[in-house]
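Q: Here's a structure for you.
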Amino acid sequence: MACLLFFLLSLVGCSNPAYVSAPPAQTAGGEVGLWEDAGIFTLVDRLIGSARHRVLVEMYELGRDELVQAMGAAEGRGVEVRVITDPTVAASRQAVKILDSLRVPERAYPVDDGRHQIDHVKLLIADGEAAVGGMNWGRHSDRNHDYVLETRNAIELDRLARIFDQDWNLAGGHPAPLPQASGLVAQTSPGGEIRAMLERALNRAAHRVLAEVYTLTDAALIAEMVIAHRRGVVVRVLLDPNQVYNLHAYAVLRAGGVEVRWYPVPKGVLLHAKIGLFDAELVLGSANWTLSGLGVNHELDIETDDAAAVRAYVTRFESDWARSG
């Protein structure tokens, strides 16, 4: 098995990158809900509009005027609002100017330009709920295929709030990185928790791995998917055909016997998801399955075994798989 892993790693190398909306697949009334595509903004609108105590946002691309105004309205009604953005994104820089005019406290994440780092996190905390996933808040992000997990779990909320405060303090010039942890919420840079979460889920999988990934270049993950297939796991992978970096991963997975298909994206649309189901464990978030996503960028992922969320994802994945070629 070690020889196979070494061989597959040599094949993959070390490349480094960079639909019509379905109804939201939320699980009503539970602690967790899975949302998809444009329906995600129904959730975001509700969370910000109904907040009474706090709205904490960390967003790579912030370019939806209505959400910027909603945060200003929340600040105006006495809600604690704080926003962290990535200063390398033009739309976010423009949104920051509007936030400042609305007197919304905001900070720019101090990305490491020498490492070509970005703050790729997509996080919203509103009172006792949070939304974590891969969906940017760009002007046209609602066209893309993506997922967000809504959670009301107190332990997850505490961890997410701690990560937000870690980033807020860093952006304010007071770095205090959290110690690396193993749990249902994982971050990259600081730490390598997301890689550990994905590798743990892959290695434990005994029956199925169903993944939809925007960009896949990480040699170790590709090799581990082939190894999972060799030990009898059903491995199916959907990739975005617009990403040239995916061509090599597609070829290596096919050569290793893994079922892999191109997601049928219309013009101007992306398969922007970064999600995988490993038996009954669902892992999703902001991190692409790349060296940058798992080791350089600041990223945020979350894991759930909620049965309704898993069923919702399986239903959507099977539909996407049937339409793909």
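Q: Answer with yes or no whether V310 is outside any loop (DSSP other than H, G, I, E, B), of a type in the set (A, V, I, L, M, F, W, C) and more than 30 Å from R115 (Cα to Cα).
A: Considered against the rule, which asks whether it is outside any loop (DSSP other than H, G, I, E, B), of a type in the set (A, V, I, L, M, F, W, C) and more than 30 Å from R115 (Cα to Cα), V310 comes out as yes.
Q: Here is a further query. Return the pairs, sorted by first residue and then second, in which the second residue is at pLDDT below 95, the first residue lies in region 56-69 and is open to solvent by 30 Å² or more (accessible area, probe 1.4 Å), the beta carbons are less than 9 Å apart, and the residues are 6+ apart or on different chains.
A: none
Q: Also: When you scan region 100-107, do you find a residue that is β-branched (V, I, T) and open to solvent by 10 Å² or more (accessible area, probe 1.4 Å), even just one?
A: No; the residues of region 100-107 include none that is β-branched (V, I, T) and open to solvent by 10 Å² or more (accessible area, probe 1.4 Å).
Q: For a quick check of your reading: which helices (runs of 4 or more DSSP H) sit entirely within region 175-256 and have at least 3 residues that are surrounded by fewer than 23 Cβ atoms within 10 Å (Cβ to Cβ) and among the charged types (D, E, K, R)?
A: Result: 193-204.
Q: Can you name every residue in region 85-99 that is within 23 Å of P175 (Cβ to Cβ) and either of a type in the set (V, I, T) or surrounded by fewer than 20 Cβ atoms within 10 Å (Cβ to Cβ) (or both)?
A: T85, P87, T88, V89, R93, V96
Q: (1) crowded, with 18+ Cβ neighbours inside 10 Å; (2) over 24 Å from R162 (Cβ atoms); (3) basic (K, R): which one isn't true of R82, the others all being true?
A: If we test R82 against (1) crowded, with 18+ Cβ neighbours inside 10 Å; (2) over 24 Å from R162 (Cβ atoms); (3) basic (K, R), just (2) comes out false.
Q: Please indicate, with yes or no, whether at least one residue in region 314-324 is within 27 Å of N153 (Cβ to Cβ), modelled with pLDDT of 95 or more, among the hydrophobic types (A, V, I, L, M, F, W, C) and within 17 Å of the chain's Cα centre (by Cα).
A: yes
Q: Can you pull out every residue in region 284-306 that is in a strand (DSSP E or B) and farther than 16 Å from T217 by Cβ?
A: Within region 284-306, L284, G285, H298, L300, D301, I302, E303, T304 meet the criteria.
Q: Restricting attention to region 74-116, and to residues there that are assigned to a loop (DSSP other than H, G, I, E, B) and of a type in the set (D, E), which single residue is nearest to D127 (Cα to Cα)?
A: The extreme case among them is D86.
Q: Inside region 257-283, can you point out the residues that are in a loop (DSSP other than H, G, I, E, B) and either basic (K, R) or crowded, with 17+ Cβ neighbours inside 10 Å (or both)?
A: Passing the criteria: V258, Y263, V265, K267, V269, L270, H272, A273.
The values are calculated or read from the model by the stated rules, or taken from the named source; none is laboratory data. None of the values given here were measured: they were computed from a predicted structure. Quick reminder, even Gly has a Cβ in these numbers, built from the backbone with ideal geometry, and neighbours come from all protein chains shown. All accessible areas refer to the heavy atoms of the entire protein, side chains included, with ligands and DNA or RNA removed. Shrake-Rupley method; radii C 1.70, N 1.55, O 1.52, S 1.80 Å.
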